[in-house]
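See structure below.
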Amino acid sequence: MSVEHPESAPPAPSDFIRDIVAQHVAEKRYAKIVTRFPPEPNGYLHMGHAKSICLNFGIARENGGQCNLRMDDTNPAKEEVEYVDSIIADVRWLIFGWADDCLGFKPKGAAPVRNESNGKLDFYLAPVPLDSGNTEPFFASDNFDALYAYAVVLIQKGHAYVCDLSPKETEEYRGSPDKPGRDSPHRTRSATENLDLFQRMRAGEFPDGARSLRAKIDMASPNIWLRDPLLYRIRHTTHHHTGNKWCIYPLYDYAHCLSDYLEGITHSVCTLEFEVHRPLYDWILGALDLPRALPHQYEFAKLNLSYTIFSKRRLLQLVQDKIVSSWDDPRMPTLSGARRRGIPASAIRRLATAVGVTKYDGLTDVAVYEHAVREELNALALRRLAVLRPVKLVLTNIPPDETIACEAVDNPQAENPVKRKVALTREVFIESDDFAEVPPPKYFRLKPGGEVRLKYACIIQCDEVVKDATGAITELRCTADLTTRSGGPNADKKVKGTIHWVSATESIDAEVRLYDRLFTVAEPGAEEDFKKFINPHSLEVIVAKLEPSLKGAQPSDRFQFERLGYFVPDAKDSTPGKLVFNRTITLKDAWLAKGPAPKK
RNA sequence: UGCCCGAUGGUGUAAUGGUAGCACAAACGACUCUGACUCGUUUUGUCUAGGUUCGAGUCCUAGUCGGGCAGCCA
């Protein structure tokens, strides 16, 4: 069964940004809606990014538009190709079968093409269809030549100047939120001198931090970002994508708005913290007097999930301190972690729809995510029998060499359920939780003298509890009522409980990793010392008994171990010779929630 | 004591001047060869104070609370 169910994507949502886009579509303001997802390749993508991906690609697909994947790589000190590769893989996984058609890539190695339009300098980089062969994502660093040319225009127009202030002096001159800044002594340099200095900055004549290129706006602006913000800084550093071609690098505010323009972005959607940068975004584009339609920035609140952290710094700490095994540890909130955990991409898209898009910075209950995961998996997963904590049970009226074939269903939710055979034998394993010598009130499962149904098999009665010298239960001796088998004369006999089981002689062993929430509190990121909230039981490794049909299970398969939860073969560690399953998530458990709950 | 943004049940969101709705969560019940799924019922909400209006969650004013902004990070 396929893991991806594109058709299971919920209907197109509506929100304030989509409303704006719809308005623009109605006005025919743009020939085509173009959005972009612009991660910095300095870490792995996580669920927070997923919300942005779903929004940007969602807008594109709902309007017959396109969404460019762009590496926002203007800071060579922090960025690496390893991250570029993981980002591409994660984005393609998340949108697979849903928005692939909208993914904007460019020819490998392509940079914006220069042309003059009505005497105005222009650059444009057209996207190409994904299937056109040699393609790659957009890179802000591919725009460096165009960005440089535009910086020259800014200088010529008197909108930018080279400043010799040191980083510390620049900070002092900037003032503070409630105190205006002071003009830099270099603010009044002539265009000729600025051009010469900027050219020499590029040529490598000055050391890091010696000079910078600044926009000439207003040092007294109440908006800090309008107080002559830096456009270029000197960094004699090798860049992962451009090598040693440059020693000056543009800053975010300068590179981002222009990269949007160069790619023909119409709607530049970002998170709330960039709201105060929007005037600068508009100022730069406005100062350049550009010939084509300008992009506009819209901001929304990023995703916050309870019991989860998204800070790249803290996620890195978890990896470095070996609290988790890697960036793709199934407990990590990264997309690669979720993938390895067995979370379908469709479940993440469902979450994105469920949380909506607003400007309110709230905290979403992780239960919303878990519900989305169960919703998708319930439809997708193949039901299988597996016993996590086995107790031996002997059916004393079945001869040792007899095998009774029982019919089991792969997925009762499917339109035409597929069936398979499971073998009932004299000795089986049941879950230790499913027997209680002294049952709590309302206990539906097996107890001394009690009856219960073995799922897909028959009703059994517990006759005897056998214990060892320490008092531990070694086996349960029961009688099987074969007349209650499916198709049997008493098949319709009702008992309160039905439990899962596997044949003791025909089952196979597998390592099972039982994952749980990584943190014990709803807001682990609220305090600096977030590691004290780590859940010590976030991973338990056991050896379980599985029905033999699971032998060939692949990481692309999705299973529900009946009455237990959803499980997936681990993509890294599971082999045909040694199966390893990850628990994606437990089934909802109303009994567990009630109280006198045995450990699951 | 600067500027920007926000505030609707426990949580997230809808209502675009006209019956406060949905989802999750919680509780109870029905169904059940998964204590799952499904179905039904229930609890809980417009930050405060003024104003405009026949009518305000929605518009205006002031306040309260929360978030963001002073990287040569993004």
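The values are calculated or read from the model by the stated rules, or taken from the named source; none is laboratory data. Please read all numbers here as calculations on a predicted model, not as lab measurements. When we count neighbours, we look across all protein chains shown, and the Cβ atoms used for this are built from the backbone with ideal geometry, even at glycine.
Checking A:ALA287 against (1) more than 16 Å from RNA strand B (Cβ to nearest atom); (2) under 30 Å from A:TYR360 (Cβ atoms); (3) in contact (Cβ under 8 Å) with a residue 40 or more places away in the chain, which test does it fail? Going through the list (1) more than 16 Å from RNA strand B (Cβ to nearest atom); (2) under 30 Å from A:TYR360 (Cβ atoms); (3) in contact (Cβ under 8 Å) with a residue 40 or more places away in the chain, A:ALA287 breaks only (2).
Looking across A:GLY181, A:GLY204, one residue alone is in the same structural domain as A:TRP246 (by TED's automatic domain parsing), within 14 Å of RNA strand B (Cβ to nearest atom) and small (Gly, Ala, Ser). It is A:GLY181. If you filter segment A:367-383 down to residues that are more than 6 Å from RNA strand B (Cβ to nearest atom) and aliphatic (A, V, I, L, M), you find that the one that is farthest from A:THR353 (Cα to Cα) is A:LEU382. Annotation note: of A:ARG235, A:ARG214, the sole residue that is of a type in the set (D, E, K, R), within 13 Å of RNA strand B (Cβ to nearest atom) and crowded, with 19+ Cβ neighbours inside 10 Å is A:ARG214.
Among the residues that make up segment A:453-468, is at least one of them under 14 Å from A:ILE398 (Cβ atoms) and among the polar types (S, T, N, Q)?
Among the residues of segment A:453-468, at least one is under 14 Å from A:ILE398 (Cβ atoms) and among the polar types (S, T, N, Q), which makes the answer yes.
From the set of residues in segment A:464-481 that are of a type in the set (Ser, Thr, Tyr) and closer than 20 Å to A:ARG426 by Cβ, which is nearest to RNA strand B (Cβ to nearest atom)? Per the criteria, the residue is A:THR479.
Every listed requirement among (1) buried (at least 18 other Cβ atoms within 10 Å of the Cβ); (2) under 18 Å from A:VAL391 (Cβ atoms); (3) within 16 Å of RNA strand B (Cβ to nearest atom) is met by A:THR484 save one, (2). Checked against the criterion of being surrounded by fewer than 22 Cβ atoms within 10 Å (Cβ to Cβ), modelled with pLDDT of 95 or more and either within 18 Å of A:GLY58 (Cα to Cα) or assigned by TED's automatic domain parsing to the domain that holds A:ALA522 (or both), segment A:280-296 contains one or more residues that satisfy it.
Among the residues of segment A:302-315, which ones are surrounded by 14 or more Cβ atoms within 10 Å (Cβ to Cβ) and not in a loop (DSSP other than H, G, I, E, B)? A:LEU305, A:LYS312, A:ARG314, A:LEU315 - these are the residues of segment A:302-315 that are surrounded by 14 or more Cβ atoms within 10 Å (Cβ to Cβ) and not in a loop (DSSP other than H, G, I, E, B).
Considering every residue within segment A:247-259, establish whether at least one is of a type in the set (Val, Ile, Thr), farther than 22 Å from A:ASP178 by Cα and within 34 Å of the chain's Cα centre (by Cα). Yes, because at least one residue in segment A:247-259 is of a type in the set (Val, Ile, Thr), farther than 22 Å from A:ASP178 by Cα and within 34 Å of the chain's Cα centre (by Cα).
Residue pairs whose Cβ atoms lie under 8 Å apart, separated by 6 or more positions or on different chains, with the first residue in segment A:353-376 and in contact (Cβ under 8 Å) with a residue 40 or more places away in the chain and the second acidic (Asp, Glu) and within 6 Å of RNA strand B (Cβ to nearest atom), are A:GLY356/A:ASP15; A:VAL357/A:ASP15; A:THR358/A:ASP15.
Would you say A:VAL495 is in a strand (DSSP E or B), hydrophobic (A, V, I, L, M, F, W, C), in contact with an Asp or Glu (Cβ under 6 Å, 6 or more places away or on another chain) and at pLDDT 95 or above? It is false that A:VAL495 is in a strand (DSSP E or B), hydrophobic (A, V, I, L, M, F, W, C), in contact with an Asp or Glu (Cβ under 6 Å, 6 or more places away or on another chain) and at pLDDT 95 or above.
Is one or more of the residues making up segment A:103-110 within 16 Å of RNA strand B (Cβ to nearest atom), in a loop (DSSP other than H, G, I, E, B) and not acidic (Asp, Glu)? No, there is no match, as no residue in segment A:103-110 is within 16 Å of RNA strand B (Cβ to nearest atom), in a loop (DSSP other than H, G, I, E, B) and not acidic (Asp, Glu).
Quick check: anything in segment A:390-408 polar (S, T, N, Q) and either under 30 Å from A:LEU305 (Cα atoms) or near RNA strand B (Cβ under 6 Å from one of its atoms) (or both)? Looking through segment A:390-408, none of the residues is polar (S, T, N, Q) and either under 30 Å from A:LEU305 (Cα atoms) or near RNA strand B (Cβ under 6 Å from one of its atoms) (or both).
Picking from residues in segment A:517-534 that are loosely packed, with under 15 Cβ neighbours inside 10 Å and among the acidic types (Asp, Glu), the one that is modelled with the highest pLDDT is A:ASP529. Scoring A:VAL276 on the criteria (1) at pLDDT below 95; (2) touching a helix residue (DSSP H, G or I) at 6+ places or on another chain (Cβ under 9 Å); (3) not polar (S, T, N, Q) leaves a single failure, condition (1).
Among the candidates A:ARG278, A:ARG349, A:ARG340, the residue that is more than 11 Å from RNA strand B (Cβ to nearest atom), closer than 25 Å to A:PRO13 by Cβ and not in a loop (DSSP other than H, G, I, E, B) is uniquely A:ARG349. Inclusion of A:HIS241 among residues that are closer than 23 Å to A:GLY104 by Cα, part of a loop (DSSP other than H, G, I, E, B) and in the same structural domain as A:LYS51 (by TED's automatic domain parsing) is warranted.
Residue pairs whose Cβ atoms lie under 6 Å apart, sitting 6 or more positions apart in sequence or on different chains, and linking a residue in segment A:439-466 that is free of Cβ contacts under 8 Å to residues at least 24 places away in the same chain to a partner that is of a type in the set (Ser, Thr, Tyr) and in a strand (DSSP E or B), are A:GLN461/A:THR479; A:VAL466/A:THR474.
Taken over segment A:246-274, residues that are more than 9 Å from RNA strand B (Cβ to nearest atom), part of a helix (DSSP H, G or I) and of a type in the set (Ser, Thr, Tyr) amount to 2.
Suppose we filter A:LEU69, A:LEU121 for residues that are modelled with pLDDT under 95, outside any helix (DSSP H, G or I) and either hydrophobic (A, V, I, L, M, F, W, C) or not assigned by TED's automatic domain parsing to the domain that holds A:HIS49 (or both); which single one remains?
The conditions single out A:LEU121.
Got at least one residue in segment A:128-144 being in contact (Cβ under 8 Å) with a residue 12 or more places away in the chain, closer than 23 Å to A:PRO207 by Cα and not in a loop (DSSP other than H, G, I, E, B)? Yes, there is a match, as at least one residue in segment A:128-144 is in contact (Cβ under 8 Å) with a residue 12 or more places away in the chain, closer than 23 Å to A:PRO207 by Cα and not in a loop (DSSP other than H, G, I, E, B). Listed conditions (1) within 11 Å of RNA strand B (Cβ to nearest atom); (2) under 21 Å from A:ALA408 (Cβ atoms) are all met by A:ALA436, apart from (2). When residues in segment A:83-122 are screened for being on the phi < 0 side of the Ramachandran plot and free of Cβ contacts under 8 Å to residues at least 12 places away in the same chain, 4 of them pass. Checking each residue in segment A:487-509 for being within 10 Å of RNA strand B (Cβ to nearest atom) and over 41 Å from the mean Cα position of the chain (by Cα) picks out A:GLY487, A:GLY488, A:ASN490, A:ALA491, A:ASP492, A:LYS493, A:LYS494, A:VAL495.
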